[in-house]
Amino acid sequence: MSEAGIAIEAHGLTRRFGQVLAVDGAELSIPRGRIYGFLGPNGSGKSTTIRMLCGLIKPTSGTIRVLGLDIPRQAEELRRLIGYMTQRFSLWEDLSTRENLEFLASIYTLGASARRSASRP
Ligand SMILES: Nc1ncnc2c1ncn2[C@@H]1O[C@H](COP(=O)(O)OP(=O)(O)OP(=O)(O)O)[C@@H](O)[C@H]1O
Ligand SMILES: [Mg+2]
């Protein structure tokens, strides 16, 4: 498949946390428009892999391309194009749903009018 048809690509993706080898040379090539299940036992490195693909943490070694961007170098650009639903609740509990949406929208640099239409019920 041509590079334009690939949404996520990773080669030799590896991440260590001290002595722990969390991800060991993962190879991924995921086409655009595909629903892709990523399964494995607890502690097998799924979240660590996803966090690297999103550019939230750096790989110890290996290469990543997501939507044509070189990650983690272009992680800021990628952040505007993707959404990541975390496993644990990661919003501010002392803000309302609307306040959380507005806060995140402002971080993602949506203008005020785009923000209003995006958070309209
Ligand atoms: N920030 C961290 N510091 C140290 N070790 C970590 C860190 N994050 C993950 N690990 C370790 O890396 C390994 C992989 O963890 P990870 O959370 O990626 O697994 P997982 O497949 O998402 O597990 P689960 O199914 O429980 O969500 C585990 O041994 C974990 O303890
Ligand atoms: Mg996990």
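Every number in this text was worked out from the coordinates using simple rules, so none of it is lab data. Small disclaimer: the values here were computed from a predicted structure and weren't measured. Ideal geometry is used to build each Cβ from the backbone, glycine not excepted, and the neighbour counts take in all protein chains shown.
As a calculated quantity, the FRET efficiency between residue 67 and residue 94 at R0 = 30 Å, using C-beta atoms, amounts to about 0.35.
Let me check against my output: what whole-number percent is the relative contact order of the chain, with C-alpha pairs under 8 Å and at least 6 apart?
Values: 140 pairs, mean separation 26.0, N = 121.
Reported relative contact order: 21 percent.
R0 = 22 Å: FRET efficiency of residue 60 with residue 11, Cβ-based, nearest 0.05?
Working: r = 14 Å, r/R0 = 0.62.
In this case the efficiency is close to 0.95.
In region 3-79, Rg over Rh equals 0.95, where Rg is the alpha-carbon radius of gyration and Rh the Kirkwood radius from pairwise Cα distances. Peptides 28-37, 52-61, 98-107 ordered by packing proxy, namely the average of other Cβ atoms within 10 Å per residue, highest first: 52-61, 98-107, 28-37.
I want the local charge near residue 51. Using Cβ-Cβ distances under 12 Å, sum +1 for each Lys or Arg and -1 for each Asp or Glu among the other residues. Each step should come with its number before you reach the end.
Values: positive: 15, 46, 58; negative: none.
Around residue 51, the surrounding residues sum to +3.
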